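In what follows, a single structure is set out as structure tokens and then discussed.
The values are calculated or read from the model by the stated rules, or taken from the named source; none is laboratory data. The structure presented is a predicted model; accordingly, all values stated were derived computationally and were not measured. For the accessible areas, the whole protein counts, side chains as well, though only heavy atoms, and no ligand, DNA or RNA atoms are used. Shrake-Rupley method; radii C 1.70, N 1.55, O 1.52, S 1.80 Å.
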Amino acid sequence: MFPNSLNVARKYGAKVAAAGALVVASGTALAEDPTWMTEAATKAAANGVAAVAVVGAIALAGLAIWGAKWAARKLGFL
């Protein structure tokens, strides 16, 4: 089907298998979720939501200013 598929499989097969094994091992290691980890994730999520809201408000303000300038240019005010 693909002329180089066997060569690609030989070249990258071991690396893909090793990466898959690392993913499985890390998933197994993180399967037990300690209490401190859950609490830290909850606090980080709350702080992250606030940060995203601030960044979104700043982006929205910038977009509104850009839109007003664009409309003013199109209407001939600038």
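Observations on the structure shown:
- With every protein chain in place, the chain: carbon and sulfur % of accessible area (1.4 Å): 74
- Anchor LYS74: lysines whose Cα lies under 16 Å away (excluding residues fewer than 8 positions away in-chain): none
- Helix 35-75 axis versus longest C-alpha principal axis of the chain: approximately 40°, rounded to the nearest ten.
- Entry for P(r) over Cα pairs in 5 Å bins from 0, in percent (calculated from the structure that is shown) out of (i) 3, 15, 17, 15, 12, 10, 8, 6, 5, 4, 2, 1, 0; (ii) 3, 12, 8, 8, 8, 8, 8, 8, 9, 11, 9, 6, 3; (iii) 3, 19, 32, 29, 15, 2: (ii)
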